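Enquirer: Encoded as structure tokens, here's the structure I'll be asking about.
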Amino acid sequence: MATIDITPEKAGALIQKFKPKGGLLVLAFLILIGVFSSFYTVPADSEAVILRFGKYERTATSGLHFKMPFGLEQKFILPVKRQLKMEFGFSTQGSTNRYQSVPQEHADEQSMITGDKNAALVEWVVQYRINDPEKYLFRVRDPELTLRDASESVMREVVGDRTVDEVITIGRQSIEADASTKLEALIRLYGLGLQITSVELKNVNPPRLVQSSFNEVNQAQQERETMINEAKGQYNKAVPKTKGLADQQVSRAEGDAKQRVNEASGDAERFLALYQEYAKAPQITRQRLYLERMTEVLPRLKSKVIMDEKSTSPVPLLDLNNALKK
């Protein structure tokens, strides 16, 4: 195997030969680092907080931006337009927010005492977003962990002001509204840089030892409400129908009354007209009325017997109608 004998003089000559080229490589490397560290991209649902020498400088919106290289300016990208949530007492698989749920604390989070000294298992969700990146980064050391503690404190306070029946059945909406209002006021006081979107109760149950009995009571109450609603429905259906029939009868009676009044008025006017004519010629009018009435009556008679009004005893009857039939 061949060996290369390099003397100190030769080594020095080689170093001097490659020294300028090494300096250029270092300079090019520094320039490359400066170029790649001087621009950054902010996603559409985020904003970037820029620090210069560790002090807040500005906030950048989505898009391509430039900053001072070599770490003179630092960026912190925050998802300000993204809807975030925290779950208490339960967990949803596949969550990416490390503050969304703490599985080892589920049992403690959901166990609460109501205002009437009963126990309840409460699971709820807090939806929020980052609305002030500067406060979020610099006002509180860990704002989302603070939000978890504040949410649990507020929910215990709200549940503690109500009875177990209100918490489990009829008071869910008022609990959500009160918890949201109080939590929003508390995080503004702390300056967390967060905004509460909603507080939603998920599962609210009595303790597991009495859950079956409570479910039976709850089912009975639901059946009672169902029967009441059905009765109200039948009432609301029957009353308008009866009222409509009554209005129809009243309208019909009013129509009949008007018809009778009109007919009576017509008859009276006709009688007065006849009386006026009768007064002018009583004998002729009486004869005309008699003939008109007989014209109406005689066609209705099957048998006709004509007698002399001066006759005092029966006379043989010649049955002309039957004779004609033969």
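Enquirer: Just tell me which aspartates and glutamates come within less than 14 Å, Cα to Cα, of residue 280; anything on the same chain fewer than 8 places away is out.
Expert: Here the aspartates and glutamates satisfying the reach criterion relative to residue 280 do not exist.
Enquirer: Also, I was wondering about something else. Between residue 138 and residue 272, how many nm apart are label points set 7 Å from Cα along the C-beta direction?
Expert: Each label point lies 7 Å from its Cα, and together they span 10.3 nm.
Enquirer: Which pairs, out of 81/135; 237/258; 117/182; 75/135; 81/202, put more than 20 Å between their alpha-carbon atoms?
Expert: The pairs that break the limit, which is 20 Å between Cα atoms, are 237/258; 117/182; 81/202.
Enquirer: When the dipole is taken about the Cα centre of the range 42-93, and only Lys, Arg (+1) and Asp, Glu (-1) are charged at their Cβ, what size is it in debye, to the nearest 20?
Expert: 120
Enquirer: For residue 67, go through the aspartates and glutamates and keep the ones whose alpha-carbon is under 12 Å away, minus same-chain ones fewer than eight residues off.
Expert: 57
Enquirer: Give me the one-decimal nm value for the distance between modelled label points at residue 38 and residue 129, 7 Å along each residue's Cα-to-Cβ direction.
Expert: Using points 7 Å along Cα→Cβ, the separation is 3.5 nm.
Enquirer: Another question, if that's okay. Dipole of the range 160-302 (Lys/Arg Cβ +1, Asp/Glu Cβ -1, origin at the Cα centre): which of 218, 282, 203 lies farthest to the positive side?
Expert: Going by the Cα projections, it comes out as 282.
Enquirer: Only four residue types carry charge here, +1 at the Cβ of Lys and Arg and -1 at the Cβ of Asp and Glu. Report the dipole size of the range 68-120 about the Cα centre in Debye, rounded to the nearest 20.
Expert: Working: 6 positive and 6 negative charges, 70 e Å.
Using Cβ point charges on Lys, Arg, Asp and Glu, the range 68-120 gives about 340 debye.
Enquirer: Indicate the gyration tensor shape class of the range 96-226 (rounded, prolate or oblate), computed on the Cα atoms with a ≥ b ≥ c the square roots of the eigenvalues: a/c under 1.5 is rounded; otherwise a/b larger than b/c is prolate and the rest oblate. Write down the numbers at each step before the final one.
Expert: Values: a/c = 2.62, a/b = 2.15, b/c = 1.22.
Prolate is the answer for the range 96-226, as a/c is 1.5 or above and a/b outweighs b/c.
Enquirer: To continue, here is another question. Kindly identify the range 182-265 as rounded, prolate or oblate by the Cα gyration tensor criterion: order the square roots of the eigenvalues as a ≥ b ≥ c, call it rounded if a/c is under 1.5, otherwise compare a/b with b/c, prolate if a/b is larger, else oblate.
Expert: Since a/c reaches 1.5 but b/c is at least a/b, the shape of the range 182-265 is classed as oblate.
Enquirer: Could you tell me how far the Cα centroid of the range 255-292 sits from the Cα centroid of the range 154-191, in Å?
Expert: The distance from the Cα centre of the range 154-191 to that of the range 255-292 comes to 86 Å.
Coordinate-derived values only; no laboratory data. Model, not experiment: these values are computed from the prediction. A quick note on method: Cβ atoms are made from the backbone with ideal geometry, for glycine too, and the neighbour counts reach across all protein chains shown.
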